[in-house]
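The next block holds one structure in the form of structure tokens; read it before the comments.
The values are calculated or read from the model by the stated rules, or taken from the named source; none is laboratory data. Just so we're clear, the structure is a prediction, and the values are computed from it rather than from any experiment. Here the Cβ is made from the backbone with ideal geometry for all residues, glycine too, and neighbour counts use every protein chain on show. Remember, those area values only see protein heavy atoms, side chains included, never the ligands or the DNA or RNA. Shrake-Rupley method; radii C 1.70, N 1.55, O 1.52, S 1.80 Å.
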Amino acid sequence: HPSIVLMLGGKTHPDDIEAFDRLVAPLTRVIRAHSFVSDDELPLWMRAFDIMALPYRSVLNSGSIALAATYGVPVVTPQQAGFAADFADQSWVTTYEADAESG
């Protein structure tokens with residue numbers, strides 16, 4: 001949909017940037033920062049989000065879900081993420097079953 005903007009932020013392994021290029025090529029509205037988002041830029045990103053997706057393959061805890069809560073941003077995260085169970089009963093958190101192969 002033309003009103004949707006995909007924002008991708010955070011450190012990306014250099015080998016994965018070409019794959020990102022291919023995946024987002026069909027999209028018309030993409031903002032990307034393949035590096036660490038600095039503390040002074042973070043509030044700008046957070047206020048721009050309608051939803052924060054945390055596509056972690058394996059993580060035991062993350063400050064990202066707390067950050068989303070601080071800004072009142074709903075979160076989508078895999079059930080397998082260790083921290084997801086701590087927040088699964090919250091209305092602003094949606095979890096999904098991640099495919100074992102895709103993470």
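If you go through the stretch 10-41 and keep only what is open to solvent by 50 Å² or more (accessible area, probe 1.4 Å) and touching a residue at least 24 places away in the same chain (Cβ under 8 Å), you end up with 11, 28, 29, 31, 32, 35, 36.
Only residues that are part of a loop (DSSP other than H, G, I, E, B) and modelled with pLDDT of 85 or more were counted across the stretch 71-103, and they come to 7. Restricting attention to the stretch 49-63, the residues that are part of a loop (DSSP other than H, G, I, E, B) and surrounded by 10 or more Cβ atoms within 10 Å (Cβ to Cβ) add up to 10.
What are the pairs, 6+ residues apart or on separate chains, where a residue within the stretch 51-66 that is within 19 Å of residue 7 (Cα to Cα) has its Cβ under 6 Å from a residue that is in a loop (DSSP other than H, G, I, E, B) and modelled with pLDDT of 85 or more? Listed pairs, sorted by first residue: 51/74; 52/73.
For the stretch 40-48, indicate whether the set of residues that are assigned to a loop (DSSP other than H, G, I, E, B), at positive phi and at pLDDT 90 or above is non-empty. Scanning the stretch 40-48 turns up no residue that is assigned to a loop (DSSP other than H, G, I, E, B), at positive phi and at pLDDT 90 or above. When the residues of the stretch 49-61 are filtered to those that are modelled with pLDDT under 90 and farther than 13 Å from residue 9 by Cβ, the one that is nearest to the chain's Cα centre (by Cα) is 56.
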